[in-house]
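The values are calculated or read from the model by the stated rules, or taken from the named source; none is laboratory data. What you see is a predicted model; the values in this text were computed from it and never measured. No Cβ is skipped: glycine too gets one built from the backbone with ideal geometry, and neighbour counts run over all protein chains shown.
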Amino acid sequence: MCVVTILLCSYGDTRMLPLTEQLSVVAQAYAKATGTALATVSTKLFNGGGRLAAIIDGGDLNTRNFEKAMGWFSANWPETLEWPSHVPRPASVEPAAA
């Protein structure tokens, strides 16, 4: 059973944000740390400059796109920036072209 508390679900001892919230947190942290406009990051990930904004505003995305986006962030994450502690980091496959 999932108990929702301010967008968090509790599964035993593990607290996990919904996937769209995880992507939102990571995307916004990346954009801020790199000085990259969110629309530019969105274009790199989804070939659509407004897609991340739509997700942040409550839109949905499929699992494949979530995994692709999170893999890209993991592979391209700035070395000097700490990954958000409340978001699981996927294993990096290989850095993607920027």
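Here V41, V25 are screened, and the one residue that is surrounded by 14 or more Cβ atoms within 10 Å (Cβ to Cβ), at pLDDT 95 or above and within 10 Å of the chain's Cα centre (by Cα) is V25. If the condition is being closer than 15 Å to V25 by Cβ and polar (S, T, N, Q), then the range 71-93 contributes S74, S85.
Mind listing whichever residues of the range 44-62 are surrounded by 14 or more Cβ atoms within 10 Å (Cβ to Cβ), in contact (Cβ under 8 Å) with a residue 24 or more places away in the chain and either over 11 Å from S24 (Cβ atoms) or among the charged types (D, E, K, R) (or both)? Steps first, answer last, please.
Let us first name the residues in the range 44-62 that are surrounded by 14 or more Cβ atoms within 10 Å (Cβ to Cβ), namely 44-46, 49-56, 61.
Checking the rest, the ones that are also in contact (Cβ under 8 Å) with a residue 24 or more places away in the chain come to 44-45, 52, 55-56, 61.
Passing the criteria: K44, L45.
The condition of being over 20 Å from P84 (Cβ atoms) and among the aliphatic types (A, V, I, L, M) does not hold for A27.
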